[in-house]
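Written out below as structure tokens is the structure these notes cover.
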Amino acid sequence: MKKLLTILLATTALTAHAENVSGEVSLTPVKPYVFGTVGTAQDGLKTLDGNFNSRDERVAGQIGFGLQLNDYMGGEIYYQGGDKFEYKGKNGNMERVRVNGVGTRATIGTSTQNRGRVFAKLGVVAVDHETSGGIDSNARPQFTAGVGASYNINNNFAVRSDYDHVFKRNTSVDRKGADYVGVGGQVNF
């Protein structure tokens, strides 16, 4: 993970240096935007005693705020939540878990033609698992990575799609990796 972050930072520094050497100064101002998507999330629950070891998929959504710093780099702050996941244990008991996350991520990408944009995302999200049986309900930071694409309908609105993966974190309750796929819109200011 550190190597990937180092490569991204080095690429950004080289790009900025190349623009300065050529004498070009970007006059593009920082561009704020808000976004929202609706889709499906998949999460899993595995306990050390072996009672739970399953995955579930539910309707979820993301809302957030972003800043496009230049043609390539940006950043976002977002919230993700949705329906409660349901896991059935081997002994017949049921665990209902609401998963909420607040995260921040860097985006790096490029435009395709004059209206589209594709980008990669890398960040950290604080994931909170609210359980009905009290198995685990602590918010824990987890690394996240993903890809996205947007297509500008006009200067102020774009259609957007996202895929995000939250990497698993080993604890007394082993959370499996989680995935989110969504489609929605982005309002550019």
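The values are calculated or read from the model by the stated rules, or taken from the named source; none is laboratory data. Model, not experiment: these values are computed from the prediction. Cβ sites come from the backbone with ideal geometry, for glycine too, and all protein chains shown count toward neighbours. Ligands, DNA and RNA are excluded from the accessible area calculation, which covers all protein heavy atoms including side chains. Shrake-Rupley method; radii C 1.70, N 1.55, O 1.52, S 1.80 Å.
Computed with every protein chain present, the accessible area of residue 147 is close to 80 Å² [probe 1.4 Å]. Output the pairs from 46/121; 84/121; 31/176 with a Cα-Cα distance over 30 Å in this structure; if there are none, say none. Among 46/121; 84/121; 31/176, the Cα-Cα distance tops 30 Å for 31/176. Residues 130, 95, ordered by accessible area of protein heavy atoms at a 1.4 angstrom probe radius and largest first, appear as 130, 95.
Got a sec? What order do 110, 131 fall in by accessible area at 1.4 Å, biggest, i.e. largest, first?
Values: 110 65, 131 30 Å².
Ranked list, largest accessible area first: 110, 131.
Annotation: residue 77 carries an accessible surface of approximately 100 Å², with a 1.4 Å probe and no ligand, DNA or RNA atoms counted.
Counting only heavy atoms of protein chains, what accessible area per residue, in Å², does the stretch 26-98 have with a probe of 1.4 Å? Please list the in-between numbers first.
Working: 3970 Å² over 73 residues.
That works out to 54 Å² per residue.
Between residue 165 and residue 111, residue separation times 0.36 nm minus the direct Cα-Cα distance comes to 17.2 nm. The figure for residue 46 is an accessible area of roughly 80 square angstrom, using a 1.4 Å probe on the protein chains alone.
For the pair residue 120 and residue 90, label points projected 7 Å from Cα toward Cβ lie 4.0 nm apart.
Applying both filters, DSSP loop and at most 14 other Cβ atoms within 10 Å, to the trypsin sites (Lys or Arg not before Pro) of the stretch 93-125 gives 115.
Given a 1.4 angstrom probe, I'd like the percentage of the accessible area of the stretch 47-149 that is carbon and sulfur, rounded to a whole number. Before the final figure, lay out each step's value.
Numbers: 2900 of 5320 Å².
Carbon and sulfur together cover 55 percent of it.
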